[in-house]
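Every number here is computed from the coordinates shown, using simple stated rules; none is lab data. Bear in mind the structure is a predicted one, so any value in this text is a computation, not a measurement. Cβ placement follows ideal geometry from the backbone for every residue including glycine, while neighbour counts extend to all protein chains displayed.
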Amino acid sequence: MGKNCKAVIFDLFETLITEWGHKKYTKNAMCADLGVEREIFDVFWKEKGSDRYLGEISFEDSLSYACEKCGKMVEKETIAKVADERIRTKSECFDHINPDVIQMLRQLREMGLKTAIISNCSSEEVKVLKESELYKYFDEVVLSYEVHMKKPDVCIYEETFKRLNLDANECLFVGDGGSNELEGAKNAGIKAI
């Protein structure tokens with residue numbers, strides 16, 4: 001970090017937490033619970049992918065949409081059970097945060113640096129993050145579902161700088177590189193690693 005650095009902005013998934021090593025609620029299991037064929041479901045699920053991350057449609061409504069397009073009317077109770085299982089398994093990621101991550105976040109605070117998260121996430125991921133222990137370690141949390149922008153669009157980085165009351169050159173972005181986030185950060189004028 002340079003002398004000018006006043007904040008570290010993090011990606012969430014596969015940077016601060018991981019979905020690997022925990023029981024995942026796979027699309028195969030989800031489709032089995034919904035009673036739909038995976039290959040057909042995938043077409044309509046992908047169709048609403050960007051809308052899920054931009055806050056245009058909830059996880060539950062996206063499930064209903066894909067099922068209807070598959071020709072299957074699924075009861076609201078079943079949709080709710082699938083959403084609950086998705087939330088439960090996503091929550092497990094936050095139950096296994098590497099202690100080094102928490103220690104690092106504490107050290108950044110002790111150094112007087114601000115911290116933020118920028119994450120592309122859908123409605124159920126927003127809920128899980130906000131209920132997690134991790135959430136309290138950040139000055140700002142900018143979630144695509146809530147701000148209707150997503151990485152790698154420059155606007156989501158600019159929104160984060162604005163909320164932190166800092167310029168791009170005063171921030172460092174740390175991510176695993178998914179969603180072309182490192183390129184997006186660089187295009188926004190921020191150093192990215």
How long, wide and thick is region 1-158, going by the Cα atoms along their three principal axes, in whole angstroms, largest first? 58, 31, 22
Mind checking which lysines have their Cα closer than 18 Å to the Cα of Lys23? Skip sequence neighbours fewer than 8 apart in that chain. Lys81, Lys90
Taking Cα centroids, how far is region 169-193 from region 24-76 in Å? 31
Between Ser58 and Asn98, 0.36 nm times their residue separation minus their Cα-Cα distance comes to what? 11.5 nm
Using a cut-off of 12 Å between alpha-carbon atoms, which aspartates and glutamates can reach Lys24, once sequence neighbours fewer than 8 places away in the same chain are excluded? Glu85, Glu92
Along the Cα→Cβ direction, 7 angstrom out, place labels at Glu14 and Lys186. What is the inter-label distance in nm? 1.8
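Please rank Tyr157, Tyr53, fewest neighbouring Cβ atoms within 10 Å first, as an exposure proxy.
Details: Tyr157 27, Tyr53 23.
Going from sparsest to densest Cβ surroundings: Tyr53, Tyr157.
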Set of aspartates and glutamates near Lys72 by C-alpha distance (under 18 Å), chain-local residues within fewer than 8 positions excluded: Asp33, Glu37, Glu39, Asp42, Glu47, Glu60, Asp61
